[in-house]
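The values are calculated or read from the model by the stated rules, or taken from the named source; none is laboratory data. Being a predicted model, the structure only gives us computed values, none of them experimental. Quick reminder, even Gly has a Cβ in these numbers, built from the backbone with ideal geometry, and neighbours come from all protein chains shown. Heavy atoms of the whole protein, side chains included, go into the accessibility calculation; ligands, DNA and RNA do not. Shrake-Rupley method; radii C 1.70, N 1.55, O 1.52, S 1.80 Å.
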Amino acid sequence: MEIAARSLATPRLPGVARREFLALASAAPLVLSGVAKATGAADPVGSLVADFVRTGRADGLSAAVVLDGRTRFSNAGVIVRDARTPATDCSVYEIGSISKTFTGLLLAHAVGEGRVAASDDVRRYLPLGYDNLVRADRPVRLIDLVDTTSALPDNLPDWRQAVGDAKPAEIPFIAAKLLDGYTSQTLMADLRTASLVDTPGRVPRHSNVASQLLGIVLERLYGRPYEALLAQYIERPLGMGSGVAAPPALVAQGYDPGGPATPALIAPVVRAAGGLRYSAKDMARYLAAQLAARDPAIALTQQPTWGSPVTSAIGFHWMIAKTVDSQVCLRHSGGTFGFSSYCDFYPGQGYGIALLANRAGLQDALRSTADAAHEALFGRPRGLMALEAALEQSRYADIGASITDVRRRFPELHLNESYVNAWGYRLLFAPRPAEAKALFGYNVAQHPDSANAHDSYAESLATMGDKTGAIAEYRRSLALDPTNDNAKKMIARISAAK
């Protein structure tokens, strides 16, 4: 479940709004000395975790690193302020939308057992009366619920409308009150009158309702509660604790980005979408199982069902993409009223990391920390370093030619739209607006049908004072993605200032 707003610098998949808001792991110590190349620290991940808390970004942070079947933990800060309870490997955090990967894995087990086909119309497993779950003769299928293309609304009830002009610190309590007493039966009743926002299977969009619906389908399919299925198929086989019934003394208190304590997200109706809670030790076992992929169901969840890893793809909720040095990376993140989480893993390197924090709105910061940890352990890709040097020397004058030249020496160099977009924002915020404009311009030339690329290019043009060019690019972005509210706001703002 995603609740905290994302940074504007966050790359997005088409149709995903930039503002929107899991017994195999050895307990033996992970030896880092032979792997860490970019830092002299004996424990580079521990240093990153300690710095994250020391700089005040979170009250508590727990990390699990899995490499070649071995695990190492790092913890810093406290999980409860007043009690000064220290964060440990066993501290339990809300994992938000990473819960969705667990629900996706349950569906993969059902597929493997022959109980369902991923291509089945979801209405096959629902009572009569859900003719609204089809658009343009295309029904919502089970696979759409896990590859995020269901076109279902994000939340029922829509708590964003209920908050109105409430202060940020009040929003979690308003949303929690709406969920109090809201049951699966209520959700299904509301779903009868809900409208699809698009044709299913077309565009990825965040939807908590999709995973909630899948949880209900699985309960109906097996005739057992969601938490029982979770225990049978995932927690017990992997040696994990319960995601719904953790010992109170181990449970972290969540905090708002501004500091106040927030209510727990424990309503049963949201478990399948974002209501699970685990420790770093639990997540290490989950990541180790993902890396081993011995279970056919786990292997199935890692297969792209939408898109391509060359650009960006989605499996059973896993975001899948090639890195700048052509490694395949699978990742997911989560945010609740008072927690943030992030995990990724690289099957080709036998490496994964999970980061759990008890403060909301940190998904992007946790991803950056995970990226820094990976770089500290494996070093920076040689092709990337060569490209950076070439671009700095030319002051980004001929980006295409520089990339072509570097690829002759380092054919593994892989630059997808999201990576270039994030690089452009780093330059824009440096601030180096001229270089950012050049990089965003290159990205638009490579991806002319990307609304996000045009939106980012427009932002750089506006920063450089080119109002006419910025408006033209925002309009192009809006034509490609009519749901891009940011483009609408920026067109109005720039036009008013002309």
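When we screen Glu392, Glu388 for residues that are part of a helix (DSSP H, G or I) and over 27 Å from Val328 (Cβ atoms), the only hit is Glu392.
Ser326 passes every criterion in (1) assigned to a loop (DSSP other than H, G, I, E, B); (2) surrounded by fewer than 19 Cβ atoms within 10 Å (Cβ to Cβ); (3) at negative phi apart from (3). Every condition in (1) of a type in the set (A, V, I, L, M, F, W, C); (2) open to solvent by 60 Å² or more (accessible area, probe 1.4 Å); (3) in contact with an Asp or Glu (Cβ under 6 Å, 6 or more places away or on another chain) holds for Phe173 except the one numbered (3).
Scanning the range 121-167 for residues that are acidic (Asp, Glu) and more than 21 Å from His206 (Cα to Cα) turns up Asp131, Asp137, Asp165. Asp144 fulfils the conditions (1) under 24 Å from Tyr351 (Cα atoms); (2) acidic (Asp, Glu); (3) open to solvent by less than 10 Å² (accessible area, probe 1.4 Å) except for a single criterion, (1). Within the range 53-63, is there a residue that is at pLDDT 65 or above and under 17 Å from the mean Cα position of the chain (by Cα)? Yes; the residues of the range 53-63 include at least one that is at pLDDT 65 or above and under 17 Å from the mean Cα position of the chain (by Cα).
Per-residue answers, yes or no, for (1) within 16 Å of Gly274 (Cβ to Cβ); (2) open to solvent by 20 Å² or more (accessible area, probe 1.4 Å); (3) of a type in the set (Ser, Thr, Tyr); (4) modelled with pLDDT under 90:
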site	(1), (2), (3), (4)
Asn132	no, yes, no, no
Ala136	no, yes, no, no
Pro139	no, yes, no, no
Thr148	yes, yes, yes, no
Leu156	yes, yes, no, no
Arg160	yes, yes, no, yes
Ala166	no, yes, no, yes
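Search the range 475-492 for residues being hydrophobic (A, V, I, L, M, F, W, C) and under 11 Å from His454 (Cβ atoms), and hand back the single one that is least open to solvent (accessible area, probe 1.4 Å). Result: Ala487.
Per-residue answers, yes or no, for (1) open to solvent by 20 Å² or more (accessible area, probe 1.4 Å); (2) in contact with a Ser or Thr (Cβ under 7 Å, 6 or more places away or on another chain); (3) more than 16 Å from Asp154 (Cα to Cα); (4) at pLDDT below 95:
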| site | (1), (2), (3), (4) |
| --- | --- |
| Thr183 | yes, no, yes, no |
| Ala194 | no, no, no, no |
| Gln212 | no, no, no, no |
| Glu227 | yes, no, yes, no |
| Leu230 | no, no, yes, no |
| Glu235 | no, yes, yes, no |
| Val251 | yes, no, yes, no |
| Pro263 | yes, no, yes, no |
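Is the range 276-296 home to any residue that is under 23 Å from Cys90 (Cβ atoms), touching a helix residue (DSSP H, G or I) at 6+ places or on another chain (Cβ under 6 Å) and open to solvent by 50 Å² or more (accessible area, probe 1.4 Å)? Yes - at least one qualifying residue is present in the range 276-296.
Per the listing Ala372, Ala438, Ala451, the residue uniquely crowded, with 16+ Cβ neighbours inside 10 Å and in contact with an Asp or Glu (Cβ under 6 Å, 6 or more places away or on another chain) is Ala451.
Residue under question is Val116, and the condition is that it be part of a helix (DSSP H, G or I) and either open to solvent by 10 Å² or more (accessible area, probe 1.4 Å) or of a type in the set (Asp, Glu) (or both); does it hold? No: the conditions fail for Val116. Under the condition of being assigned to a strand (DSSP E or B) and more than 16 Å from the chain's Cα centre (by Cα), the residues counted in the range 337-358 number 1. Scan the range 43-73 for residues that are assigned to a loop (DSSP other than H, G, I, E, B) and open to solvent by 10 Å² or more (accessible area, probe 1.4 Å) and the total you get is 7.
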